[in-house]
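Peer 1: Structure below; questions to follow.
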Amino acid sequence: MDILLIAGLWLDTSAWDEVARELAVLGHRPVPVALPGQGDGDASATLDDQLAAVLAAVDAAAGKPLVVGHSAAASLAWLAADARPGKVGAVALVGGFPAPDGRAYADFFAIEGGLMPFPGWAPFEGPDAADLDEAARDRFASTAIPVPEAVARGIVRLTDERRFDAPVVVVCPEFTPAQAKEWIAGGESPELARAADVTFVDLDTGHWPMVTRPGALARVLAEATRP
């Protein structure tokens, strides 16, 4: 099956290299999606531009692909299910939850000169980054790509309720399935509260499992392709 891989903030397609290699060994066709503004130097890219890149990958996929969104890109994966309800086979959300209609995509940190740079490790101390050693943190920070303001502050627009029919796998790295279920029940993810088919998978690691446990993440994604 084609598995489309959408990286979260500050990452380009290379974040998926090890996961993609393992998925290929497992018999799947991994497709890391290049997002405008995250690796191509286009500081003017918008959220609509990024969604267009994701939809182009969906349209080019063989059959009905699994669309994987990491962190903030959970919203991009969900937007794809909304825009292509008959084409997206399933959605996997890795360490993130989709923003509801009308919410900003990822307006989380300060904007500097039209870009949202990586804010350093202070906001991620604790479970998010506990399994990243200093060398890994240095590598991440040195290669982090500032996200264009028009992406981070772009408004999520959802229009087709058939998105709720897409099977969803919530991959829980720095939080547990029990926590995720509690948050959803408490109203923190109104989109997933309405989804018809949601499965939770525990992956005991930090917020960036493609770095810390790429093989395990690949196996979880491969399993998510099963009916």
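The values are calculated or read from the model by the stated rules, or taken from the named source; none is laboratory data. Just so you know, these numbers come straight off a predicted model, no measurement behind them. Glycine also receives a Cβ, built like all others from the backbone with ideal geometry; neighbour counts cover every protein chain displayed. Only protein heavy atoms, including side chains, enter the accessible area calculation; ligands, DNA and RNA are left aside. Shrake-Rupley method; radii C 1.70, N 1.55, O 1.52, S 1.80 Å.
Peer 1: Is the shape of the chain rounded, prolate or oblate, going by the alpha carbon gyration tensor and its root eigenvalues a ≥ b ≥ c, with a/c under 1.5 for rounded and a/b larger than b/c for prolate?
Peer 2: rounded
Peer 1: Quick one: with all protein chains in place, what share of the accessible area of segment 1-89 is carbon or sulfur, to the nearest percent (1.4 Å probe)?
Peer 2: The value for segment 1-89 is 51 percent carbon and sulfur by accessible area.
Peer 1: First select every other residue whose beta carbon is under 15 angstrom from the beta carbon of Ala216; then total the charges, Lys and Arg +1, Asp and Glu -1.
Peer 2: That sum, taken over residues with Cβ under 15 Å, equals -4.
Peer 1: Highest mean first, what order results for 148-161, 45-58 on Cβ atoms within 10 Å?
Peer 2: The densest-packed peptide leads the list: 45-58, 148-161.
Peer 1: Then there is this: Short version: ³J(HN,Hα) in whole Hz for each residue of segment 161-174, in order, from phi by Karplus 6.51 cos²θ - 1.76 cosθ + 1.60 (θ = phi - 60°), x for Gly and Pro, what are they?
Peer 2: 5, 5, 4, 5, 7, 5, x, 10, 10, 9, 8, 10, x, 8
Peer 1: So, for the chain, what is the accessible surface per residue at a probe of 1.4 Å, expressed in square angstrom?
Peer 2: The answer is 43 Å² per residue.
Peer 1: Less than 9 Å Cβ to Cβ from Asp2, Lys/Arg counted +1 and Asp/Glu -1: what total charge do the surrounding residues give?
Peer 2: +2
Peer 1: Compute the projected area of the convex hull of the Cα atoms of segment 23-141, averaged over all viewing directions, and report it in nm² to one decimal place.
Peer 2: Projected over every direction and averaged, the Cα hull of segment 23-141 covers 9.1 nm².
Peer 1: Would you please give the residues with an amide H less than 5 Å from that of Val170, counting only those at least 5 places away or on a separate chain, with H modeled from the backbone geometry?
Peer 2: HN-HN under 5 Å from Val170: Leu93, Thr199, Phe200, Val201.
Peer 1: Return the sequence-ordered ³J(HN,Hα) values of segment 115-121 in whole Hz as given by the Karplus equation 6.51 cos²θ - 1.76 cosθ + 1.60 applied to θ = phi - 60°, using x for Gly and Pro.
Peer 2: Taking θ as phi minus 60°, the curve returns 9, 10, x, 4, x, x, 8 Hz for segment 115-121.
Peer 1: What distance in nm separates the simple spin-label points at Ala178 and Asp160, each placed 7 Å from Cα in the Cβ direction?
Peer 2: 3.9
Peer 1: Another question, then. Amide H neighbours of Met116 under 5 Å, at least 5 residues apart or on other chains, H built in the peptide plane: list them.
Peer 2: It is Val147, Glu149, by chain and number.
Peer 1: Ok, one more. Provide the per-residue ³J(HN,Hα) series for segment 129-144, in order, calculated from phi with Karplus coefficients 6.51, -1.76, 1.60 and θ = phi - 60°, each as a whole number of Hz, with x at glycine and proline positions.
Peer 2: Karplus-based 3J(HN,Hα) across segment 129-144 equals 10, 4, 9, 9, 7, 4, 5, 5, 5, 5, 4, 4, 5, 6, 10, 4 Hz.
Peer 1: Taking the Cβ of Glu191 as the center, what net charge do the other residues with Cβ under 14 Å away carry, scoring Lys and Arg +1 and Asp and Glu -1?
Peer 2: Counting the neighbours of Glu191, the net charge comes to -2.
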